[in-house]
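Novice: Here it is, the structure in full.
The values are calculated or read from the model by the stated rules, or taken from the named source; none is laboratory data. Just so it is clear, the structure is predicted and the values come from calculations on it, not from any experiment. Heads up, the Cβs are rebuilt from the backbone with ideal geometry, glycines too, and the neighbour counts pull from every protein chain shown. Each accessible area value is taken on the protein alone, full model and side chains, heavy atoms only, with ligands, DNA and RNA left out. Shrake-Rupley method; radii C 1.70, N 1.55, O 1.52, S 1.80 Å.
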Amino acid sequence: MSLPKTLAEDVARNLVMVARLIDEDPEEAYAYSRIALRLASRVAAVREAAGFAAYATQKYAEALAEFRAARRMTGSVDLWPVMADCERGLGRPERAMAMAGDPEVQKLDKAGQVEMRLVAAGARRDMGQIDAAIVTLQSSELASNSVQPWTPRLRYAYADALLEAGREDEAREWFGKALEADKDGSTDASDRLAELDGVEFVDVLGDDDDDAADEVAPRAEDRSDAREDEDDEDEDDVDLDGPADGSAKA
């Protein structure tokens, strides 16, 4: 659907702000998405952006409605995994699992299929089926030594599932593999490894700052003692140098 030039520019500006803010300030991104939605609700890209903004703020029912609208407009299956994850967010993991078995999954590209696998494993965990979640994640993509954009998250999810199942040694190995592939820091694999190894980080600089503050600013009682000493010295000076009333000598 085409829009008048001025309206299209207004919509585009709001969509740019959604993309810019969705990671660092999801609530603000959501506000911009609502403006774009009011301006152009019949544009598929607007409905999709509104869906992702709602998803980022955990408004899963709203996100699902927007994703469904975008899919009706385009006929694309690309949003299938995130739609399934919205079902999880709404407390309906069984629906997410049903979507994982639908024919639409076969139409997804490799990245979409991996994403669907991650969602399905999450749904299994939601239902308390941890062993089934582990099996769901076991795939050629997980076994591959090739690093793809999805590799860190896939390895991380596998490690996390192993840890929940009590398989700590294997979990440590796969957190390490996730860290190796995670060049952009998209996961907290390094923190999870440190936690498993019992490593604690001490804020040494923070302690030094506290000590320095103590040296620069004495405690209240110390300041009080100092003032009392100064008062005593002043009284002694008055007795030695002249009358207490400060009058001049005769």
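Novice: With in a helix (DSSP H, G or I), out of contact with any helix residue (DSSP H, G or I) (no Cβ under 6 Å at 6 or more places or on another chain) and closer than 24 Å to P93 by Cα as the only criterion, which of R34, R38, R68 stands out?
Specialist: So the residue among R34, R38, R68 that is in a helix (DSSP H, G or I), out of contact with any helix residue (DSSP H, G or I) (no Cβ under 6 Å at 6 or more places or on another chain) and closer than 24 Å to P93 by Cα is R68.
Novice: Follow-up question, since we're still on this one. Out of all the residues in the stretch 79-90, is one or more part of a helix (DSSP H, G or I), small (G, A, S) and under 15 Å from T136 (Cα atoms)?
Specialist: no
Novice: Can you name the residue in the stretch 101-118 that is more than 14 Å from Y158 (Cβ to Cβ), among the aliphatic types (A, V, I, L, M) and under 25 Å from the mean Cα position of the chain (by Cα) and, of all such residues, is least open to solvent (accessible area, probe 1.4 Å)?
Specialist: M116
Novice: Could you list all residues from the stretch 45-90 that are in contact (Cβ under 8 Å) with a residue 12 or more places away in the chain and among the polar types (S, T, N, Q)?
Specialist: T57, Q58, T74 - these are the residues of the stretch 45-90 that are in contact (Cβ under 8 Å) with a residue 12 or more places away in the chain and among the polar types (S, T, N, Q).
Novice: Right, something else. Out of all the residues in the stretch 33-44, which are in contact (Cβ under 8 Å) with a residue 24 or more places away in the chain, open to solvent by 60 Å² or more (accessible area, probe 1.4 Å) and farther than 12 Å from D10 by Cβ?
Specialist: R42
Novice: Next question, about the same structure. Which of the residues spanning the stretch 1-31 are in a loop (DSSP other than H, G, I, E, B), of a type outside the set (V, I, T) and surrounded by 13 or more Cβ atoms within 10 Å (Cβ to Cβ)?
Specialist: Within the stretch 1-31, L3, D25 qualify.
Novice: In the list D102, D131, which residue meets the criterion of being within 22 Å of T151 (Cα to Cα) and among the charged types (D, E, K, R)?
Specialist: D131
Novice: Need the failing condition index for V135 against (1) at pLDDT 95 or above; (2) open to solvent by less than 60 Å² (accessible area, probe 1.4 Å); (3) among the hydrophobic types (A, V, I, L, M, F, W, C), just the number.
Specialist: All conditions pass for V135, except number (2).
Novice: Here's something else I'd like to know. Given the conditions (1) out of contact with any Lys or Arg (no Cβ under 9 Å at 6 or more places or on another chain); (2) over 18 Å from G89 (Cβ atoms), report the number of the one that F52 does not fulfil.
Specialist: (2)
Let's see how each residue does on (1) crowded, with 19+ Cβ neighbours inside 10 Å; (2) of a type in the set (A, V, I, L, M, F, W, C); (3) modelled with pLDDT under 95:
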{"position": "Y156", "(1), (2), (3)": "yes, no, no"}
{"position": "D160", "(1), (2), (3)": "yes, no, no"}
{"position": "D169", "(1), (2), (3)": "no, no, no"}
{"position": "E180", "(1), (2), (3)": "no, no, no"}
{"position": "E200", "(1), (2), (3)": "no, no, yes"}
{"position": "D207", "(1), (2), (3)": "no, no, yes"}
{"position": "V216", "(1), (2), (3)": "no, yes, yes"}
